[in-house]
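Visitor: One structure follows; several queries about it will come next.
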Amino acid sequence: QVQLVETKGGLVQPGGSLTLTCKVSGTGLRAYRMAWYRQIPGRQRDLVAEINNDLSANYADSVKGRATITRDNPTNTIYLEVVNLKPEDTAVYYCYAEVPDERWGPGIDHWGRGTQVTGSS
């Protein structure tokens, strides 16, 4: 059974930095697209950053220049570093992975449980 295991976020002072990790377990196949989303209560879940298995990446305008998403393909792990954290970065962050259930098969959406990140002093 495929699972996405996220590290805990936590409380970070404005101007500080944060690194989140997400690892796909339960499969020996390489995930396709992986990403981090975030959600504020009452709002839709928004993309923060995404990375493909060719390591090409895209970022939301709100974090561009402050966030870096990286990926280790052999372990199906992604990392999100955010520097110069702002109070508006406060949200629940969710890991996403598109994982095939057979080699070269279509990807299936999987989500982590989410981890709270709070930018506050």
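The values are calculated or read from the model by the stated rules, or taken from the named source; none is laboratory data. None of the values given here were measured: they were computed from a predicted structure. Using ideal geometry, Cβ is built from the backbone for each residue, glycine included, and neighbour counts are taken over all protein chains shown. Calculation scope for accessible area: heavy atoms of the full protein, side chains included, ligands and nucleic acids excluded. Shrake-Rupley method; radii C 1.70, N 1.55, O 1.52, S 1.80 Å.
Visitor: Restricting the search to region 2-38, which residues are under 14 Å from ARG113 (Cβ atoms), of a type outside the set (Lys, Arg) and open to solvent by 70 Å² or more (accessible area, probe 1.4 Å)?
Guide: Within region 2-38, GLN3, VAL5 qualify.
Visitor: Looking only at region 18-60, count how many residues are without any contact (Cβ under 8 Å) to a residue 12 or more places away in the chain and basic (Lys, Arg).
Guide: Adding up the residues that qualify gives 1.
Visitor: Now for a separate question. Could you please let me know if GLU81 is part of a strand (DSSP E or B) and either open to solvent by less than 60 Å² (accessible area, probe 1.4 Å) or of a type in the set (A, V, I, L, M, F, W, C) (or both)?
Guide: When the stated conditions are applied, GLU81 does not pass them.
Visitor: Sticking with this one: Select, from ASN52, ASN58, the only residue that is under 23 Å from ARG103 (Cβ atoms) and open to solvent by 20 Å² or more (accessible area, probe 1.4 Å).
Guide: Unique residue meeting the criteria: ASN52.
Visitor: Looking at PRO41, PRO74, which is the one that is surrounded by fewer than 20 Cβ atoms within 10 Å (Cβ to Cβ) and either modelled with pLDDT of 95 or more or closer than 22 Å to LYS8 by Cβ (or both)?
Guide: Checking each option against the conditions leaves just PRO41.
Visitor: Residues of region 99-110 being assigned to a strand (DSSP E or B) and open to solvent by 50 Å² or more (accessible area, probe 1.4 Å), which ones?
Guide: Listed by number, the residues that qualify are ILE108, ASP109.
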